[in-house]
Amino acid sequence: MSETTATGSPAGTSAEDGAPGRDLAPAQEQSPKTASGSRISLGHSLGLILALGALIALGVITGGDRFLSVANLMVILQQAAVIGVISIGVTFVITSGGIDLSVGSVMGLATIWATTLGTQAMATDIHWSIMFFTALAVGAAAGLLNGVIIAYGKVVPFIATLAMLVAARGFAELISGRQTQIVTVQEFNSVFRGDFLGISVIVWMFLLVAAAGWFLLNRTTFGRRTIAVGGNAEAARLAGIKVKRHLVMVYALSGLCAGIAAVMMISRTTSGSSTHGYLYELDAIAAVVIGGTLLAGGRGTIFGTVLGVLVFAVLTNVFVQNNLDSSVQAVVSGAIIVAAVLLQQRFSAHRTT
Amino acid sequence: MSETTATGSPAGTSAEDGAPGRDLAPAQEQSPKTASGSRISLGHSLGLILALGALIALGVITGGDRFLSVANLMVILQQAAVIGVISIGVTFVITSGGIDLSVGSVMGLATIWATTLGTQAMATDIHWSIMFFTALAVGAAAGLLNGVIIAYGKVVPFIATLAMLVAARGFAELISGRQTQIVTVQEFNSVFRGDFLGISVIVWMFLLVAAAGWFLLNRTTFGRRTIAVGGNAEAARLAGIKVKRHLVMVYALSGLCAGIAAVMMISRTTSGSSTHGYLYELDAIAAVVIGGTLLAGGRGTIFGTVLGVLVFAVLTNVFVQNNLDSSVQAVVSGAIIVAAVLLQQRFSAHRTT
Amino acid sequence: NDPEEVESEDDAGASAAEPAGDNAEPGEEVVIGFSGPAAGHGWIGAITEGAQAQGEEFEDIDLRVSEGTDDVNEQISQIEQFINDGVDAIVVLPFDGAALTEVATDAMEAGIPVVNVDREFSSPFAARTTILGDNYGMGVSAGNYICEQLGDQEDAVVAEIAGIDSLPLTQDRSEGFEQALSDCGLEVDNRVAADFTVAGGESAAANLLQAAPEIDAIWNHDDDQGVGVLAAIENAGRDEFFMVGGAGSANMMREIESGDSVVEATVVYPASQAADGVRLARLLAQGRAMGDLVQSDVPREIQLYAPVVTEENVDQYLPDAFES
Amino acid sequence: MITQNAGSELLRMRGISKHFPGAKALDGVDLDIRPGEVHCLLGQNGAGKSTLIKVLSGAHQPTGGEISWKGEPVTIDTTMAALRLGIATMYQELDVVDGLSVAENVFLGHELSTGGVLRRSTALEHTRDLLRRLGHPEIPAQREVGRLSAAGKQIVSMARALSHDAQLIIMDEPSAVLDPEEVENLFGVVHTLRDQGVAVVYISHRLEEIRRIGDRITVLKDGRTVATSLEVSDTPTRELIALMTGHEVISDFGGAAIGPTSDQPLLEVEGLSLQGVFEPVSFDVRPGEVVGLAGLVGAGRSEILETIYGARRATTGEVRVKGRRLRRGSVPDAVQHGVGLAPEERKSQGLLLDEPIYRNITLSTFARFGRSGLLNERAERSAARAQAQALHLSPADVQRSIRTLSGGNQQKAMLARWLVHGCEVLLLDEPTRGVDVGARAEIYGLVRELSRQGTAVLMVSSEIEEVLGLADRVLVVADGRVVHTGSTKDINEHQVLDLVMEGAHG
Ligand SMILES: Nc1ncnc2c1ncn2[C@@H]1O[C@H](COP(=O)(O)OP(=O)(O)OP(=O)(O)O)[C@@H](O)[C@H]1O
Ligand SMILES: Nc1ncnc2c1ncn2[C@@H]1O[C@H](COP(=O)(O)OP(=O)(O)OP(=O)(O)O)[C@@H](O)[C@H]1O
Ligand SMILES: [Mg+2]
Ligand SMILES: [Mg+2]
């Protein structure tokens, strides 16, 4: 039952719900759990869009043109891109009813593995894409391992991925000897640090992963099954879904996203490092949950996740623009996180009456 | 359903294990889990006791008398004490179906508040216990705020306490100007840094809090309500339990424990600092969950939590003794965490068949 | 120093000078405990490895390195464990000097000499010998260099990318920097704090560059995060300013050497401190004096020098620099 | 349609056993199903019916026994394997996923897709067809299932079973959450299936349903088959009950209504309304009186009960107990004034599934057993044990986790909670849902006993017969309005049905 029940139930039972009818499909638009695919996202996200709007307004007021410049928006998007791609993967995991604390570490490990002398030498000799695929493979493999331990070893996701967090970081340090590994493969840099139609490649990657994630979650068997497993694993099993196998795939997908994020991180910092991705898991989970995906599983929104990521990126940008002290930033962030969630709730509540 | 679904589900969904109950509970749940407090704890903890035993054996083999010396055991206990007290509070929160990510930060804030010049001046003038009560009050107040935001504001615990994590840290930095504040009140130090019957005061505090926590959870109506709320909040509400008020108290209790831990941390480091308690929340949650408390709520074991905390403390101790490289340590820790949980599961599984 | 020989060593600590005088002579075997912060960071990594290299170099040292940690409670336990184990000397780079003062004092009271590295304890009785970096001096050096370059431009825009704000060393650096700038009429116009990591540096710098459209000089406290800062600068396509680094990593020095980078200088913050700490601890434990000094005891405090490395003198420092 | 050829069995189960740790749910069960028959499975709560069909659907692995399908021995090791054979199942507990739409639930596990990409419009079309066949074209195929009522979910579950090209469809108590009109619809579907040659295994505790649609009957008792393949037409109900329970049960609502023991109303409801759900209602219940709320599923009866109880915050009106006004929207206040509610959805609203039985029974009273915040578990256990014995709870070991009880026994435990509590006003929402004949009679007897002691009982039931038999007065609710109030003596089942239909469709 967990968080949902504890918090959700009082809401669900609040008196202001209505419209009784003979039919078995009562028109309960009012219940916060709203309807089909796209409507869920938008309905759920209105409060968040509002919060984002307020932040942007704040940015414009304090920063004016500088804030609204294309260059600045690009900075915000680039900033959002790495954590964004990770969050897409985490959205699937959380929707399936699990949690993945290892994404940051796994991303770090992938950046290291893809930038070792050996990999870079091969990339120079053969093709830059070797680095790319190395990162993806490392991410997916780590995710797969998570999935196997969780689904077949029956270790709770929190613990299994926490163990992976610790182990992957240590492994990355061992491989790298704790050194930052600088990328010397020029083709790699020129591909990923470049632009396309005036938008930088990593922003494109983010958009692509988000679009693919949305499609996967809302338009494919895989996505429906993820929701089913998260919503009612037993019902999913009784319906003939191979729940364990599916969970393994979900965690592998999350790892793969961490691998893609690793490529972006490498290109962004021109380096691999075991410190890359430190504590990204918390940021990613926060973005996903603020976005409206149920921490209890069974409901996920990619659109909301993207909004959640953007809220945090804009927040940082506005803070720096105003040259705020980092402690004040922290206090204000805390307040804004709560305010955003409250706003969102009030908003969904209002829609209902 | 939350994490349960994900974690329980793979277990519950295996067709091979013969007895997948309708409700997604792992193997041990299918046993007619004959109830009463202590038996659950012990049964659940056998695997963990074994893991701890194995670690201790490792310590003895590699360290011999040095490891088994009273002084070394005291080192282990002292280290475990601070995180241990925090974990007791977190056990209640998790049992109630929530999560508290803010405990580390709140502890840091409490160490700061209790060691400001003003507080210390008052403590010198009036009584050293002013520092003690300041820390407790700060912790409880922060917890109370968490609880109100969660229960009445209906913000999911993960997000509410994440916001508190960020905000409390920032607030602590603001108050302290990011300076480590040294304790100059001699009475305070002599009380808390002292021994009693050959065991240091903070270890006594840990034992006391653990005993009180066990009693509270297993022998009082408060504990029963916590389990009921975590098990099925709606059922608890319909049985007349004041769920919201109870949740507020649970979070306040967790904050109070963080406040007590703050006193112990101050005495241990003779200082207050905004960096104190950094990432303790993860350690505490890991200890609680490894101990056997259900992340989904509805079942908690203080005994297990204490064991969980000890496993981590012994691990560190054995590592230092063996002079392992810290990266290797990280990898090994990850493996050991998973192994401990697997061991525990195998063990509970055996009990049932 | 013979450059050839130094090059052949692959890690920073071991590349320090060979033990001189009769200090190199093996003495009785001593057990030395070393404890430091979590070693994810290049500079701290170099520190730890430097210490470890000493342990291997001297046959009479049995070095125990405990897991690097940023949790003072755990670090205290490590020291306590060393005390229990009865080591002959302890070298500590505390995560937070004030928080480890008491346990270090305990060690001293137990007759174990403590060598305090980099972050200073709050009591003089907590350590037998202290090896200090000069954080304030680092800030001053960086500030002075920027003053020299911009001295006549009163309205010059100076930006600062700090490390972890809550560490005293960051505060010292910033204070020195501010002080030095104010001496020539400048001030810090934009300041962001990162976290000593590459990614943190990148993200802080990306936002900073956006917030400040025209910059004349940047001081980045730490060359580890500098890798990310440079990536952000390159990404933004900005080069109207020059940058001064901190700590003195090899890659920053190579940037300086190349001559076409925005990085013009870096202020060295020696990563050999812990290595020196281990050597001193050995001498202390063996009851010996420092070779080249007339003093018959190891000195109470050694403060390292924070030189500015520029294109002119980079050849001299690059060989000893750590890889971030 | 019934093939008389005994050799042409569709399914044959022999000596099936299933042991759970600490419980033998099945211990030698035989079952034969012929193509195109409606085979009823009867048995008391906990007899093992659900377990048997879970074995058949691949959800449980049997400990022993053989299954043959169309003459071939088979092992059904996954739910997929059962579906592939042509066995589709509607489980007793609602097995739908709240977060998915109706269509997605129907095709869950066998999604219509091309290379993993959903063919959504096709799925919607098929779903609409299925819903039409089930007599519910008004359920939008795109609606999220979480927003449907329990009955709606049952329809979805049924549509899913039909969406498989099955030769055997198992229905585990499908009528429990349905009202008379819905049950008619269901029977229509079952008849169509039978006409198409599909066999149906039908489980229900309502014997009159069995009479109406069953062809043959198998009776389980304590995990064993006590009678197999009885022809419905030549087995009298009395004999069935005797087979199930081992003794004769008089199912007469525990005698005539007691009637109010005093004229002073105990529970007064005045102008109570919940905006958008039900319009103002006023009535009162006197001590010893039983008032029933009749109506169709979704009429708002549960909401009236929950609002009286304070679980929902009333928009207008007030509730008084013994003349004292209850705080609006406060359950603790209601409980304190002696009001108890046995909710409709046991599992989600009533029980702590992982906790032992006795803690479920004392959930509203545990504080009372101890002193100053301390528990007294010994006292709790003995109080719980006393009630468990009085209600013939099986198993009666109150230390067992309540999860392992069968549905009917869980319902008894819910009632036991309020018996231990000793409340003056008892609100019962579908008290006999999923409860077997024997237990049903016990519950009726219990209500009578409580009336005798002066308890005011307000109950909701979808079985009109039950309301009329048990209550002194009936309130007929349709579409959120009370359309009729009167003594149960002055009205019969058909009149009630007419009233609700009128109210709902008019
Ligand atoms: N949480 C809710 N939000 C909005 N409307 C609701 C909610 N719960 C129930 N309703 C609506 O209230 C009306 C009555 O609900 P309900 O199905 O509980 O009635 P009932 O008469 O008790 O029928 P049943 O026999 O199924 O219990 C229905 O139209 C239902 O859709
Ligand atoms: N997972 C389980 N673990 C232990 N015992 C179980 C489990 N599931 C069922 N049982 C036991 O098996 C027996 C048969 O239960 P089952 O649910 O099959 O009964 P049923 O005939 O369907 O009853 P009802 O009419 O109440 O639904 C019961 O005694 C029950 O307690
Ligand atoms: Mg059943
Ligand atoms: Mg109802």
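The values are calculated or read from the model by the stated rules, or taken from the named source; none is laboratory data. Keep in mind that what you see is a predicted model, and the values were worked out from it rather than measured. Cβ sites come from the backbone with ideal geometry, for glycine too, and all protein chains shown count toward neighbours. Note: accessible area is taken over every heavy atom of the protein model, side chains too, but ligands, DNA and RNA are not part of it. Shrake-Rupley method; radii C 1.70, N 1.55, O 1.52, S 1.80 Å.
Which of the residues spanning segment C:235-250 are out of contact with any Gly (no Cβ under 7 Å at 6 or more places or on another chain) and surrounded by 24 or more Cβ atoms within 10 Å (Cβ to Cβ)?
Answer for segment C:235-250, where residues must be out of contact with any Gly (no Cβ under 7 Å at 6 or more places or on another chain) and surrounded by 24 or more Cβ atoms within 10 Å (Cβ to Cβ): C:M243, C:V244, C:G246, C:A247, C:G248.
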Of all residues in segment D:312-344 being more than 12 Å from chain B (Cβ to nearest Cβ) and among the small types (G, A, S), the one that is surrounded by the fewest Cβ atoms within 10 Å (Cβ to Cβ): D:G323
Matching residues, segment B:149-175, being open to solvent by less than 10 Å² (accessible area, probe 1.4 Å) and more than 7 Å from every other protein chain (Cβ to nearest Cβ): B:A151, B:T161, B:A168, B:A172
Considering residues of segment D:166-177 that are within 13 Å of another protein chain (Cβ to nearest Cβ) and either acidic (D, E) or surrounded by fewer than 22 Cβ atoms within 10 Å (Cβ to Cβ) (or both) only, the residue nearest to ligand 1 (Cβ to nearest atom): D:D172
Selected residue (only one of D:Q411, D:Q399, D:Q389 is at the interface with another protein chain (Cβ under 9 Å from one of its Cβ atoms) and either open to solvent by 10 Å² or more (accessible area, probe 1.4 Å) or touching a residue at least 40 places away in the same chain (Cβ under 8 Å) (or both)): D:Q399
Strands (runs of 3 or more DSSP E) wholly inside segment D:422-504 that include at least 3 residues being within 16 Å of ligand 4 (Cβ to nearest atom): D:425-429, D:456-460, D:473-478
Cβ-Cβ under 9 Å pairs, at least 6 apart or on other chains, segment D:129-156 side open to solvent by 10 Å² or more (accessible area, probe 1.4 Å) and in a helix (DSSP H, G or I), far side within 16 Å of ligand 4 (Cβ to nearest atom) and among the acidic types (D, E): D:A150/D:E344; D:A150/D:E345
Given (1) away from ligand 2 (no atom under 14 Å from the Cβ); (2) in a helix (DSSP H, G or I); (3) away from chain B (no Cβ under 14 Å), number of the condition D:A416 does not satisfy: (3)
Where a residue in segment B:242-259 is touching a residue at least 60 places away in the same chain (Cβ under 8 Å) and its partner, wherever it lies, is open to solvent by 10 Å² or more (accessible area, probe 1.4 Å) and charged (D, E, K, R), with Cβ under 7 Å and at least six apart: B:V243/B:R237; B:H246/B:R225
Out of C:D70, C:D62, C:D88, sole residue that is open to solvent by 40 Å² or more (accessible area, probe 1.4 Å), within 13 Å of chain A (Cβ to nearest Cβ) and at pLDDT 80 or above: C:D70
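Go through segment C:22-35 residue by residue and tally those that are of a type in the set (S, T, N, Q) and open to solvent by less than 10 Å² (accessible area, probe 1.4 Å). Walk me through it before giving the result.
Of segment C:22-35, the ones of a type in the set (S, T, N, Q) are C:23, C:35.
If we keep only those that are open to solvent by less than 10 Å² (accessible area, probe 1.4 Å) as well, we get C:35.
Going through segment C:22-35 one residue at a time, the tally reaches 1.
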Some residue of segment A:320-339 being more than 8 Å from every other protein chain (Cβ to nearest Cβ) and open to solvent by less than 10 Å² (accessible area, probe 1.4 Å): no
Test set (1) more than 23 Å from D:V106 (Cβ to Cβ); (2) at pLDDT below 95; (3) over 17 Å from the mean Cα position of the chain (by Cα) - A:Y278 fails condition number: (3)
Test: residue in segment D:175-192 that is away from ligand 4 (no atom under 16 Å from the Cβ) and within 19 Å of A:E234 (Cβ to Cβ): no
Selected residue (only one of D:E111, D:E93 is away from ligand 3 (no atom under 16 Å from the Cβ) and part of a loop (DSSP other than H, G, I, E, B)): D:E111
Members of segment D:151-174 that are within 16 Å of ligand 2 (Cβ to nearest atom) and small (G, A, S): D:S157
Any hit, segment C:104-119, residues being within 19 Å of B:Q181 (Cα to Cα), open to solvent by less than 10 Å² (accessible area, probe 1.4 Å) and modelled with pLDDT of 90 or more: yes
Filter result for C:Q75 (within 14 Å of chain A (Cβ to nearest Cβ) and in contact (Cβ under 8 Å) with a residue 12 or more places away in the chain): no
Residue under evaluation C:A38, criteria (1) assigned to a helix (DSSP H, G or I); (2) within 12 Å of chain A (Cβ to nearest Cβ); (3) surrounded by fewer than 22 Cβ atoms within 10 Å (Cβ to Cβ), criterion not met: (1)
Residues (within 16 Å of ligand 1 (Cβ to nearest atom) and either touching a helix residue (DSSP H, G or I) at 6+ places or on another chain (Cβ under 6 Å) or aliphatic (A, V, I, L, M) (or both)) located in segment D:183-209: D:V183, D:L186
Hits in segment D:384-402 - residues which are part of a loop (DSSP other than H, G, I, E, B) and among the polar types (S, T, N, Q): D:S394, D:Q399
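Kindly evaluate A:M122 against the criterion of being in a helix (DSSP H, G or I) and surrounded by fewer than 24 Cβ atoms within 10 Å (Cβ to Cβ).
Spelling it out, A:M122 is indeed in a helix (DSSP H, G or I) and surrounded by fewer than 24 Cβ atoms within 10 Å (Cβ to Cβ).
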Flag if B:L144 is more than 12 Å from chain A (Cβ to nearest Cβ) and at pLDDT 90 or above: yes
Helices (runs of 4 or more DSSP H) wholly inside segment A:150-239 containing at least 2 residues that are over 23 Å from A:A114 (Cβ atoms) and within 19 Å of the chain's Cα centre (by Cα): A:157-176, A:201-219, A:221-231
Residue match in segment B:241-264 (condition: facing chain D (nearest Cβ under 8 Å) and of a type outside the set (D, E)): yes
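Please pick out the residue among D:R359, D:R433 that is among the basic types (K, R), modelled with pLDDT under 85 and farther than 26 Å from D:S262 by Cβ.
After ruling out the rest, the residue left standing is D:R433.
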Only one of D:V460, D:V435 that is in contact with a Gly (Cβ under 7 Å, 6 or more places away or on another chain) and open to solvent by less than 10 Å² (accessible area, probe 1.4 Å): D:V435
The one condition in (1) within 14 Å of chain B (Cβ to nearest Cβ); (2) part of a loop (DSSP other than H, G, I, E, B); (3) within 13 Å of ligand 2 (Cβ to nearest atom) that D:T51 fails to fulfil: (2)
Close pairs from segment D:33-48: first within 14 Å of chain B (Cβ to nearest Cβ) and small (G, A, S), partner open to solvent by less than 10 Å² (accessible area, probe 1.4 Å) and within 16 Å of ligand 1 (Cβ to nearest atom), Cβ under 8 Å, at least 6 apart: none
